[in-house]
Amino acid sequence: MRKRSEGPRDPLRVAADHARERLDADVEAQIAPGTRERIHEAWLERYDFEAPRDAADVIDGVARALQRGVVHVGHPGYFGPYHPSVHPAGVAASTLAAAFNPQLAVRSHARAAAAIEDHTLAFFLRALGWDPTSAGAHFTNGGSEANTEALLVALGARFPETREGGLTALDGPPLVYASAEAHRGLEKSVRVLGLGSRALRRVPVDAHLRMDVTALATMVAEDRARGAQPFAVVGTAGTTSSGAIDPLDEVATFASRTGLRFHVDAAWAGALLVSPSHRSWLVGIERADSVTFDAHKWLQAPLVAGMLFVRERALLHQTFGVEGPYMPRRRAVDPDLFETSLSWSRRALGLPLFAIMASVGRAGLTELVERAIALGDELRAALTAAGFTILRPSPLPVVCFTHAALKAGSLDVHEVARRVARSGASWLSPTTLSTGEEVLRASVSGHRTRSSDVARLVEVLVRAVRD
Ligand SMILES: *Cc1c(COP(=O)(O)O)cnc(C)c1O
């Protein structure tokens with residue numbers, strides 16, 4: 001208990017003490033379903049917001065609730081989809097972004113924060129092989145928002161008349177193509193843009209779940225013949241379910257030959273850009289008109305640190321530029337972020353990534369990516385040796401797999417995942433592929449995960465399918 005004489009505690013210090021991850025804890029606190037909800041309800045009932053409470057006590061309570069009530073993605077045994085353990089420099093910089101609260105809508109209001117973000121973004125523009133003086137980039141509230149923005153940019157670039165006239169300016173329905181395995185957020189994107197979900201045309205995939213470019217060509221030709229207006233194709237570099245990388249170079253060639261805009265969703269596997277020995281897996285990405293990449297997937301940034309890269313910077317202002325009575329008219333050469341992106345007020349989302357990159361350096365980033373890839377290979381080998389079957393293999397550190405015990409029907413992937421979570425030692429999640437296959441999926445994205453954690457996951461899985 002705290003002594004009265006110590007005076008009020010600083011809530012920031014209390015938060016900092018709790019923010020150090022408890023690596024000795026279970027990946028997911030072992031509380032029976034149902035009981036967990038009752039615990040949260042009982043605790044929350046104490047907060048009716050009527051009387052004020054000591055802020056440090058409140059923060060202490062929130063931290064304890066989080067400890068028992070969230071999946072600990074920072075645990076080395078966490079093999080869930082793409083949420084990394086966060087780097088302490090990222091947590092600290094995120095706190096600074098909240099504390100200084102720079103308003104990035106207008107550069108002159110937050111020059112240092114804007115400069116830090118631009119400097120960080122330029123690193124990735126160069127990694128893409130693009131010229132930071134002519135390409136545009138900004139942070140987004142995640143990959144899904146970046147994809148939505150990219151499709152709006154593509155629509156206006158292909159059909160400039162839609163910027164003022166909307167979709168009624170077109171003779172036929174505008175269509176976007178993405179593989180059957182592409183992220184489902186794209187369905188929201190086309191609805192948000194007013195295109196309707198049918199405007200997202202799902203292209204069949206090959207045996208490795210990569211976009212079939214011959215099928216794409218047939219679909220585009222048929223759609224054009226019936227009067228539709230294909231305008232963009234989205235290639236995925238690292239699908240969320242299985243880590244498939246579409247043949248980006250082939251898609252780029254097809255897009256440029258047929259007048260489609262080419263966007264690459266590299267939300268997760270864009271991290272390969274920092275690995276000299278694996279960058280070639282993304283060949284063709286440099287030919288895209290725009291690219292999505294999330295630093296909160298593989299680069300240890302806290303949620304959210306999405307990024308959108310656009311090869312022709314002027315398109316951003318043409319897409320998002322506005323003139324308001326209370327915003328001074330600006331020159332298009334140096335527009336503010338509120339005029340070049342969907343958000344208006346903006347948090348300094350790039351500060352954590354800057355702090356992480358500066359702390360670990362290029363070699364540290366490369367190691368982060370390469371270690372995960374090596375552990376993914378180890379995981380595939382260990383699962384195979386233990387009698388599991390790898391499905392639709394990708395070279396990336398995400399593994400889809402099944403087991404004979406699952407085919408028997410008495411056990412399903414959800415039950416296996418629950419048993420793994422109940423071990424407290426490991427955590428993974430099932431997924432359903434576009435082929436209809438229900439599979440177990442383990443991905444390596446935590447920087448603390450080592451060979452021993454991979455071995456433990458396989459042990460836990462062996463017990464889960466046997467018992
Ligand atoms: C995670 C992911 C998304 C969605 O990004 P958010 O940051 O969750 O909005 C989109 N596409 C791919 C390939 C992803 O891995």
Checked against (1) under 24 Å from residue 205 (Cα atoms); (2) open to solvent by less than 60 Å² (accessible area, probe 1.4 Å), residue 369 satisfies every condition except (1)
- Task: Would you confirm whether any residue within segment 189-207 is touching a strand residue (DSSP E or B) at 6+ places or on another chain (Cβ under 6 Å), surrounded by fewer than 24 Cβ atoms within 10 Å (Cβ to Cβ) and among the charged types (D, E, K, R)?
- Result: yes
Contact list, first residue from segment 84-96 and assigned to a helix (DSSP H, G or I), second anywhere and among the β-branched types (Val, Ile, Thr) and surrounded by 23 or more Cβ atoms within 10 Å (Cβ to Cβ), beta-carbon distance below 7 Å, six or more apart or interchain, is 89/356; 90/356
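Just the residues that are under 17 Å from residue 296 (Cα atoms) and either of a type outside the set (Gly, Ala, Ser) or near the ligand (Cβ under 8 Å from one of its atoms) (or both), please, taken from segment 135-151. Show your work before the answer.
Of all residues in segment 135-151, those under 17 Å from residue 296 (Cα atoms) come to 137-147.
Within segment 135-151, 138, 139, 140, 141, 142, 143, 144, 145, 146, 147 qualify.
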Log entry, pairs with first residue in segment 280-296 being modelled with pLDDT of 95 or more, second being open to solvent by 10 Å² or more (accessible area, probe 1.4 Å) and of a type in the set (Phe, Trp, Tyr), beta carbons closer than 8 Å, six or more apart or on different chains, reads 286/130
Scanning segment 387-415 residue by residue, the ones that are farther than 30 Å from residue 282 by Cα and open to solvent by 40 Å² or more (accessible area, probe 1.4 Å) total 9
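Examine segment 226-239 for a residue that is of a type outside the set (A, V, I, L, M, F, W, C), surrounded by 16 or more Cβ atoms within 10 Å (Cβ to Cβ), outside any strand (DSSP E or B) and out of contact with any Ser or Thr (no Cβ under 7 Å at 6 or more places or on another chain), and state whether such a residue exists. Before the answer, list the steps.
We begin by selecting, within segment 226-239, every residue of a type outside the set (A, V, I, L, M, F, W, C); these are 226-227, 229-230, 235-236, 238-239.
Next, only the ones that are surrounded by 16 or more Cβ atoms within 10 Å (Cβ to Cβ) stay: 229-230, 235-236, 238-239.
Those still in the list that are outside any strand (DSSP E or B) too: 238-239.
Applying the additional criterion that residues be out of contact with any Ser or Thr (no Cβ under 7 Å at 6 or more places or on another chain) yields 238-239.
Yes, segment 226-239 contains a residue that is of a type outside the set (A, V, I, L, M, F, W, C), surrounded by 16 or more Cβ atoms within 10 Å (Cβ to Cβ), outside any strand (DSSP E or B) and out of contact with any Ser or Thr (no Cβ under 7 Å at 6 or more places or on another chain).
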Of 347, 362, 380, 418, the only residue that is open to solvent by 60 Å² or more (accessible area, probe 1.4 Å), among the charged types (D, E, K, R) and farther than 30 Å from residue 107 by Cα is 418
Within segment 280-296, of all residues that are within 11 Å of the ligand (Cβ to nearest atom) and assigned to a strand (DSSP E or B), the one surrounded by the fewest Cβ atoms within 10 Å (Cβ to Cβ) is 294
Log entry, pairs with first residue in segment 48-61 being under 14 Å from residue 15 (Cα atoms), second being among the acidic types (Asp, Glu), beta carbons closer than 7 Å, six or more apart or on different chains, reads 56/10
For segment 248-273, pairs from a residue that is part of a strand (DSSP E or B) and acidic (Asp, Glu) to a residue that is open to solvent by less than 10 Å² (accessible area, probe 1.4 Å) and away from the ligand (no atom under 16 Å from the Cβ), with Cβ under 8 Å and 6 or more apart or across chains, are none
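The values are calculated or read from the model by the stated rules, or taken from the named source; none is laboratory data. Everything quoted here is computed from the prediction, not taken from an experiment. Here Cβ is always computed from backbone atoms with ideal geometry, including for glycine, and neighbour counts include all displayed protein chains. Calculation scope for accessible area: heavy atoms of the full protein, side chains included, ligands and nucleic acids excluded. Shrake-Rupley method; radii C 1.70, N 1.55, O 1.52, S 1.80 Å.
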